[in-house]
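Taking it in order: structure first as structure tokens, then the write-up.
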Amino acid sequence: MNYNKQQAAAIKDLLYKIADDQLIIGHRNSEWTGLGPILEEDIAFSSIAQDKIGQSQHIYGILHTLGEKDPDTIAFTRGVKEFKCCHFVEYPIGEYDFSLMRNFLFNHAEAARFDMLSGSSFEPIQKLAKKYRGEIKYHTMHSDTWIKQLARATDESHNRMQKVLNDSFNLALGIFEESEHYGVLHEMKVFEGENSLKSKWLETIIPIFESALLKIPGQDSWKPSLGGRKGLHTGYLPALLDEMCEVFKIDPKAEW
Amino acid sequence: MVITNFKYDLWESIKREDIIRALEEVMDPEIPTISIVDLGIVNEVKINDDYSVSVTLIPTFAGCPALKHIEDLVRDKIGMLGIRTVDVKTTFDEQWNTNMITEKGLEGLKKHGLAPPEKHDGLVRINLLEKVKCPNCGSKNTTLNSPFGPTLCRSIHYCNDCLNAFEHFKPV
């Protein structure tokens, strides 16, 4: 299929934001390697990190076929403003409650996104989406289990999960920042759009929260943390990129 | 090393089955008791008109670190048959799932001490992981410890009868 300039730009923008979200949250998850509260959690966060970074690599691979640089160059040499990830994934890992809640909210958004994309008219992403759905199932399985477990264990754990849900909800809403390319993608049947994705996400997470006796903040307090999709980031991202790219930048031409 | 004076008629006599047989000796680097053919990741083997060979692999997991290594192993193995140009690539055109593992492959997993994945209808549900048969004693009185194990494709379980922890090749 041949795309005109505007269509190609829209597809690239979509791919960049999906892959950047995965790369950055993958990096954050990897920060638990060696620090997990129990061995199984250490392994779980490390494996989820490996999955997400691996998935981002193949999406960068599609971008490469569309004329962008190779995956390593894309991942390690871009400036902060060229990243299209949402603010939520940039935040430091914080305490375990935040990392778990972030994974829960993000994983379900990602699962719904790849569900939608598995019907996309853009074949390369459609094929990857079908593959990724199966892998992400294990990510949601992990976060669902812990959210339910901790929210129903003791008063302290319940209160902490409720508080961290309140604190992270607006950040999570930032995942669904609508793109200026929305119309083009929708018309081409590449992607249905962020609003429709958000509805699907809410349909999935609300029943799980109900069974966990947690409540999402009332709609009048919703203020999505926006800007990430346009390259406007929190101060956490440059610090993360400095660390993530440090070794690569010592010798960008090195063969690995 | 460039092999010169190679007999062209030898190339011409090579059949697709010879290549498959060679690939049956390429073992998964992380589970050396299963070949990549039995794992189901060899998607296509083609002998081209110029007697070069193209092999298409489909990855088990997108983030599998063994992918590049497996590509190299395939290239080396087919090269040993005397074929000079071997084109190996990995695609997502078809999506691998654990139903593609052959019977022999499932046996290979057991040999490595892994509980094999259950067949599924394309949709993996959590209950598939709850009562996995223990590869040590055969009991189904087991508990899922973690859906993540030492490699991306394994989960960790505990057998309440023989009191051993074991790993399971998880269904995807």
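Laboratory data are not the source of any read-out in this text; all were calculated from the coordinates shown. Quantities reported herein were computed from a predicted structural model and do not represent experimental measurements. Counting neighbours? That spans all protein chains shown, and the Cβs are built from the backbone with ideal geometry, glycine included.
Take every pair of alpha-carbon atoms less than 8 Å apart whose residues are at least six positions apart; their mean separation over the length of the range B:8-90 yields a relative contact order of 30 percent. Each Cα pair of the range B:52-133 feeds into the Kirkwood radius, which the Stokes-Einstein equation turns, at 4 °C and 1.567 mPa s, into a diffusion coefficient of 86 µm²/s.
Over chain A, Cα pairs under 8 Å with separation of 6+ residues give a relative contact order of 25 percent. Beta bridges assigned by DSSP with both partners in chain B are antiparallel in approximately 70 percent of cases. At 1.306 mPa s and 10 °C, plugging the Kirkwood radius over alpha-carbon pairs of the range A:134-256 into Stokes-Einstein gives what diffusion coefficient in µm²/s? The diffusion coefficient I find is 90 µm²/s.
The phi torsions of the range B:85-95, fed into the Karplus equation with coefficients 6.51, -1.76 and 1.60 and a -60° offset, translate into couplings of 10, 10, 10, 10, 9, 10, 10, 10, 4, 10, 9 Hz, rounded to whole numbers, with Gly and Pro shown as x.
The spread of Cα positions in the range A:4-119, taken along each principal axis and listed from longest to shortest, comes to 51, 31, 21 Å. Remark: the range A:134-186 carries a charge dipole of roughly 320 debye about the Cα centre, counting +1 on each Lys and Arg Cβ and -1 on each Asp and Glu Cβ. Expressed to the nearest 5 percent, the antiparallel share of DSSP beta bridges inside the protein assembly as shown is 70 percent. Within the listed set A:Leu66, A:Leu14, A:Leu117, the Gaussian network model of chain A (springs between alpha-carbon atoms below 10 Å) gives the highest mean-square fluctuation for A:Leu66. Counts of other chain beta carbons within 10 angstrom of each beta carbon in peptide B:91-102 average 3.
Assuming charge only on the beta carbon of Lys and Arg (+1) and of Asp and Glu (-1), the dipole of the protein assembly as shown about its Cα centre is about 520 debye to the nearest 20.
Evaluating kT/(6 pi eta Rh) at 4 °C and 1.567 mPa s, with the Kirkwood radius of the range B:8-90 over Cα pairs in the Stokes-Einstein relation, gives 101 µm² s⁻¹. Bridgeable lysines around B:Lys46 (alpha carbons under 28 Å apart, same-chain partners fewer than 8 residues away excluded): A:Lys127, A:Lys130, A:Lys131, B:Lys7, B:Lys15, B:Lys68, B:Lys77, B:Lys89, B:Lys104. Extending 7 Å from the Cα toward the beta-carbon at both A:Cys245 and A:Thr65 defines two label points whose distance is 2.6 nm. Cysteine residues of chain B whose C-beta has no other cysteine C-beta under 4.7 angstrom: B:Cys64, B:Cys153.
Backbone amide hydrogens, once placed in the peptide plane, bring B:Phe166 within less than 5 Å of B:His157, B:Tyr158, B:Cys159, excluding anything fewer than 5 places away on its chain.
Listed by chain and number, the lysines placed with their C-alpha closer than 16 angstrom to that of A:Lys5 amount to none; residues fewer than eight positions away on the same chain are left out. Alpha carbon centre of the range B:8-79 versus the range A:31-108: separation in Å? After rounding, the separation between the Cα centres reads 31 Å. Springs between Cα atoms under 10 Å define the GNM used for chain A, and in it the highest mean-square fluctuation of A:Ala239, A:Ala75, A:Ala172 occurs at A:Ala239. Note on the range B:97-172 and the range A:167-210: Cα centroid distance 35 Å, given to the nearest whole angstrom. Per residue, the average separation of C-alpha pairs within less than 8 Å and at least 6 apart gives chain B a relative contact order of 17 percent.
If the cut-off is 30 Å between C-alpha atoms, which lysines fall inside it for A:Lys163, apart from same-chain ones fewer than 8 positions away? Correct list for A:Lys163: A:Lys17, A:Lys52, A:Lys84, A:Lys137, A:Lys148, A:Lys198, A:Lys200, A:Lys215, A:Lys223, A:Lys230.
Which of these, B:Asn127, B:Asn141, B:Asn97, has the largest mean-square fluctuation under a Gaussian network model of chain B (Cα springs below 10 Å)? Per the Cα network of chain B with a 10 Å cutoff, B:Asn127 tops the list. Built from the Cα atoms of the range B:113-169, the convex hull projects on average onto 3.6 nm², one quarter of its surface area. In the range A:1-63, taking the dipole from charged Cβ atoms about the Cα centre, the farthest positive-side position among A:Tyr60, A:Trp32, A:Ser47 is held by A:Tyr60.
Its convex hull of Cα atoms gives the protein assembly as shown a direction-averaged projected area, equal to a quarter of the hull surface, of 23.5 nm². Across the range A:156-167, computed HN-Hα scalar couplings (Karplus, 6.51 cos²θ - 1.76 cosθ + 1.60, θ = phi - 60°) run 4, 5, 4, 5, 5, 5, 5, 5, 5, 5, 4, 6 Hz from first to last residue, x flagging Gly and Pro. By the Kirkwood approach, averaging reciprocal distances over each pair of separate Cα atoms, chain A gets a hydrodynamic radius of 18.7 Å. Above 29 angstrom, tally the Cα pairs of chain B and express them as a % of all pairs, no decimals. Counting every Cα pair in chain B, those more than 29 Å apart make up 30 percent.
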